[in-house]
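Take a look at the structure set out below.
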Amino acid sequence: MTLETKKSVFVELGKFLKQFSENDTVKKSDVLNNDLFFDDFEKLIYLSQSHNGWYTPEQVYFAIQSWAEALTEENLNNWLSNYDAFSQDDKKEKTVALILAGNIPLVGFHDFLSVLITGNRALIKTSSNDQHLLPFLAKYLIAVDESLNDKITFVEGKLENFDAVIATGSNNTARYFEYYFKNKPSIIRKNRNSAAVLNGKESKEELEALGEDIFRYFGLGCRNVSKIFVPKGYSFDAFFEAIFKYQDVIHYEKYANNYDYNKAVFLMSNFKLLDNGFLTIKEDSSYASPISSVFYEFYENIEDLQKRLEADAEQIQCIVSNDLIENSIPFGQTQKPQLWDYADNVDTITFLLTTK
């Protein structure tokens, strides 16, 4: 397959995914293989919560639409145009093992896409928490182009006969991965969290958008904001008022159980909390807060905070602010990364093109 052919296959997948949204799913006549896949995918979306209690239809639809927006010809061209190595015809095809996370729907799709778009084979071990969505989309891709059948393999047991590995897990599993794959070229991803930096001048709309960064996927993603930096003397009144629109999250049982448990643990430890009935705010130097809680920390000047964040870069996935911090992104955009926004700032395409 040429690069143009590979891109066109994923563009077709984007068109397929674009049909599915929470409030306006419409079957279109010009989408390839709809007769084979449309109805089954709609059923799978609603079955996803039975496979993983956190995968509500709302969250799965959001993930699907995010990928539908990403998989356009324009985005794929912009993403891949900066890599000269695509012009080399003598590259040896590699088998790349993918060990995927399952904290949010289709969280491993970018690695899957990167392996196939670079002309390599994907040997995939899905998370037990997300075993159905990616295999379904792989079947759709194979239906669009049968040559992909030899490029995609899902395995349940031990990974064998591969040339490189991309593995995502916790800090604990990362140590295991680093030892087990020490003789293979690898990208090993660990725990990361995202942070917001406020100065007290944010509009209600910006703070509402920050709520999206906190509550999307129930806060389970590494791009979810779990830590907020605020200036000395900051009042959280405007913040709590703005995020009130997300109050329905407490009606979801798994989230509510986490809220009750974590709040009880904090209170038994005599921690001082701010609480609005569905989110607790606790002053803490850590970046990793539990579900239903956000940590905060005061800062005195933005220059010192910038240095602190740079020093802690390996713990941080992304930062949101109103242009207060260099390379930060706007409020409400953490779960809408572009194709070229790499996890942990590690360029997956360069890794795949240059690994022997």
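Annotations
- Partner aspartates and glutamates for Lys245 [C-alpha distance under 19 Å; skip if fewer than 8 residues away on the same chain]: Glu22, Glu58, Glu202, Glu205, Glu206, Glu208, Glu212, Asp213, Asp237, Glu253, Asp275
- 0 to 90° range, to nearest 10: angle between helix 57-70 axis and the chain longest Cα axis: 60
- C-alpha long axis of helix 34-51 to longest principal axis of the chain, angle in °: 40
- Using only side-chain charges placed at the Cβ, +1 for Lys and Arg and -1 for Asp and Glu, the dipole size of the chain relative to its Cα centre rounds to 1040 debye.
- Among 267-276, 117-126, sorting by the average number of other beta carbon atoms lying within 10 angstrom of each residue, highest first, gives 117-126, 267-276.
- Residue among Lys15, Lys190, Lys204 with the largest mean-square fluctuation in a Gaussian network model of the chain, springs linking Cα atoms under 10 Å: Lys204
- Note on Leu324: accessible area approximately 50 square angstrom, rounded to 10, probe 1.4 Å, nucleic acids and ligands left out.
- Counted over the chain, the DSSP beta bridges are approximately 10% antiparallel.
- Hits among lysines - C-alpha to C-alpha of Lys28 under 19 Å, sequence gap 8 or more where chains match: Lys15, Lys18, Lys43
- Normalised by the number of residues in the range 67-186, the mean separation of alpha-carbon contacts (under 8 Å, six or more apart) gives a relative contact order of 28 percent.
- Two-decimal Rg/Rh across the range 139-247, once Rg and the Kirkwood Rh are taken from alpha-carbon atoms: 1.18
- Solvent-accessible surface of the chain, taken per residue with a 1.4 Å probe and all protein chains present: 49 Å².
- Per-atom-type breakdown for the chain gives carbon and sulfur 46% of the accessible area (1.4 Å probe, protein chains only).
- Residues with amide H under 5 Å from that of Ile316, placed H, sequence gap 5 or more: Asn193
- Listed peptides 224-236, 297-309 by packing density, highest first (mean Cβ within 10 Å): 224-236, 297-309
- Rounded tilt (10° steps) of 204-215 against the dominant C-alpha axis of the chain: 60
- Candidates Ile99, Tyr234, Thr348 compared by Cα position along the dipole of the chain: farthest toward the positive end lies Ile99, with charges placed on Cβ.
The values are calculated or read from the model by the stated rules, or taken from the named source; none is laboratory data. None of these values were measured; they are calculated from a predicted model. We place every Cβ from the backbone using ideal geometry, glycine too, and count neighbours over all the protein chains shown. We work out accessible area using only protein heavy atoms, side chains counted, and drop any ligands, DNA or RNA first. Shrake-Rupley method; radii C 1.70, N 1.55, O 1.52, S 1.80 Å.
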